Amino acid sequence: MKKGYKGRYKPSNPTKYKGDPTSIIYRSLWELKFMNWCDQNANVIKWSSEEIIIPYISPVDRRPHRYFPDFYVESRNRTGRPQKRVIEVKPYAQTRKPKPRKGPRYLAEVRTYGVNQAKWKAAREYCRDRKMEFMILTEKELKV
């Protein structure tokens, strides 16, 4: 496993990667941990990182934007049937509404929370239309 918070990931099973396996970027150690899991897990059939584009409207500027979810994973479930998921890796704190207080940091947290909620709503609709599941993984699920 590489050290650092950002970098390029080189899969040991490049044929499982859906996309260009030479240009996989991780932006956090949590993403790196999940990439390793996808690459090494025998039940993962295909996976990709930031290869899907989902349009959404930002509540901040009310304009269209593009959301690139962290991962797409196609795997076999416990019964052996294929399962398709779009997965976002986020700090738990960003999945909860910020507690009201004064200051610019609070306003930034509210903005981030609002934009994330708009992205995730669009992702749920995108996945529902394609018979996929949308999941958000935090440090709690990743056990870090």
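A few remarks follow.
- Flag for residue 72 being under 19 Å from residue 112 (Cβ atoms) and in contact (Cβ under 8 Å) with a residue 24 or more places away in the chain: no
- The residues in region 26-72 that are open to solvent by less than 60 Å² (accessible area, probe 1.4 Å), at negative phi and not hydroxyl-bearing (Ser, Thr, Tyr) can be counted, and the count is 17.
- Residue that is modelled with the lowest pLDDT [pool: residues in region 118-144 that are open to solvent by 50 Å² or more (accessible area, probe 1.4 Å) and among the basic types (Lys, Arg)]: 143
- Residues (under 15 Å from residue 52 (Cα atoms) and without any contact (Cβ under 8 Å) to a residue 40 or more places away in the chain) located in region 89-144: 120, 124, 125, 128, 129
- Enumeration of residues in region 55-84 that are within 17 Å of residue 19 (Cα to Cα) and among the aliphatic types (A, V, I, L, M): 73
The values are calculated or read from the model by the stated rules, or taken from the named source; none is laboratory data. Owing to the predicted nature of the structure, the values given are computational and were not obtained by experimental measurement. Quick reminder, even Gly has a Cβ in these numbers, built from the backbone with ideal geometry, and neighbours come from all protein chains shown. In case anyone asks, the SASA skips ligands and DNA or RNA and just uses the protein heavy atoms, side chains included. Shrake-Rupley method; radii C 1.70, N 1.55, O 1.52, S 1.80 Å.
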